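See below for the structure under consideration.
The values are calculated or read from the model by the stated rules, or taken from the named source; none is laboratory data. Bear in mind the structure is a predicted one, so any value in this text is a computation, not a measurement. Every residue, glycine as well, gets a Cβ built from its backbone with ideal geometry; the counts of neighbours run over all protein chains shown. These area figures cover heavy atoms from the full protein model, side chains too; ligands, DNA and RNA do not enter into them. Shrake-Rupley method; radii C 1.70, N 1.55, O 1.52, S 1.80 Å.
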Amino acid sequence: MKGSIKKIDPQNLPVYEIKINDEDESGISLISLVGEPAINMKGMMFSSDQMYTTFKEVSEEKQIIIGPALIPNMRIYREDDKNGSYYVYFTPETIEKIVEKFNKFGSNRKINIDHSNKMVDAFIMEDWIVEDEVYDKSRKYGFEVPKGTYMIKVKIEDKDFWMNEVKGNGKFGFSVEGVLGHQLVKFDKSMQEEVIDIVTKTYDSIEEVIDDLDIKDLYNIFDLFVEEKK
């Protein structure tokens, strides 16, 4: 056996808060239509004679999708080569900034499919941030989402795309795309202990070379290295 797969414990993953800067290009630039949105909540197809439709019951379709694009404080699983496995989340304040920047630059026609280069002939008819969990109009469409949720209403103008991708392949979930920075807000205790153990072993292995270096100094050097990598 050449190796083994390390089981991921969801409780021990680091959690990052998504951050954007008002002075740079950070924020979302596109909305992507996907089959499995990261927030685990799909939109709802909308027709002229039925508020809630099924694929078989659609009649005189308006080709409209309504649903949440961002839900505040919801942990979203991510994995990449740099950070490994981790969670990210958006605060209500960050969502508000993101939506403001998105609308400021007139990005309502920037919609693609599955985060690809294939653009969809569609546009955002309406978007809003939920201000009241009980009286917000998202309730009208059957959604129970928390205050601060970013809701969007998208019109699909391409009939073939509607039939083949939205109805045929279930592409009526929303996912955001853009330049989103993040900062670590939770570092689990067990992970801290693992890092300290690695540092200690590293120190022990080079102890003879750096007899005059205190272990606290090595920890400080390691902290600077980690900070530089962020």
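Output the residue which, of all residues in region 140-176 that are of a type in the set (Lys, Arg) and within 22 Å of the chain's Cα centre (by Cα), is surrounded by the most Cβ atoms within 10 Å (Cβ to Cβ).
Lys171
Can you tell me how many residues in region 115-125 are open to solvent by 70 Å² or more (accessible area, probe 1.4 Å) and either within 17 Å of the chain's Cα centre (by Cα) or of a type in the set (S, T, N, Q) (or both)?
2
Can you tell me which residue among Tyr16, Tyr86 is more than 29 Å from Glu165 (Cβ to Cβ), touching a Pro at 6+ places or on another chain (Cβ under 6 Å) and at pLDDT 85 or above?
Tyr86
Here is a list: Glu193, Glu208, Glu144, Glu228. Which entry is modelled with pLDDT of 90 or more, out of contact with any His (no Cβ under 8 Å at 6 or more places or on another chain) and among the acidic types (Asp, Glu)?
That would be Glu144, the only listed residue that is modelled with pLDDT of 90 or more, out of contact with any His (no Cβ under 8 Å at 6 or more places or on another chain) and among the acidic types (Asp, Glu).
What residue, of Lys56, Lys7, Lys62, is modelled with pLDDT of 80 or more and either part of a loop (DSSP other than H, G, I, E, B) or open to solvent by 70 Å² or more (accessible area, probe 1.4 Å) (or both)?
Lys62
Can you find a residue in region 98-105 that is surrounded by fewer than 18 Cβ atoms within 10 Å (Cβ to Cβ), at pLDDT below 90 and acidic (Asp, Glu)?
No.
Please specify each residue of region 24-53 satisfying the condition of being open to solvent by less than 40 Å² (accessible area, probe 1.4 Å), in a loop (DSSP other than H, G, I, E, B) and modelled with pLDDT of 80 or more.
Ser26, Gly35, Pro37, Ala38, Ile39, Gly43
Please find, within region 74-90, the residue that is surrounded by the fewest Cβ atoms within 10 Å (Cβ to Cβ) out of those that are touching a helix residue (DSSP H, G or I) at 6+ places or on another chain (Cβ under 9 Å) and among the aromatic types (Phe, Trp, Tyr).
Tyr77
Out of the residues in region 80-129 that are part of a strand (DSSP E or B) and of a type in the set (Ser, Thr, Tyr), state the one that is farthest from Phe143 (Cα to Cα).
Ranking the candidates gives Ser85 first.
When region 137-167 is examined, which residues are found to be in contact (Cβ under 8 Å) with a residue 12 or more places away in the chain and assigned to a loop (DSSP other than H, G, I, E, B)?
Once the filter is applied, which keeps residues that are in contact (Cβ under 8 Å) with a residue 12 or more places away in the chain and assigned to a loop (DSSP other than H, G, I, E, B), region 137-167 yields Gly142, Phe143, Val145, Pro146, Lys147, Gly148, Thr149, Glu157, Asp158.
Go through (1) open to solvent by less than 50 Å² (accessible area, probe 1.4 Å); (2) at negative phi and name the single condition Glu133 misses.
All conditions pass for Glu133, except number (1).
Out of (1) under 18 Å from Gly43 (Cβ atoms); (2) open to solvent by less than 90 Å² (accessible area, probe 1.4 Å); (3) at pLDDT below 95, what's the single condition that is false for Trp128?
(3) is the only condition that Trp128 fails.
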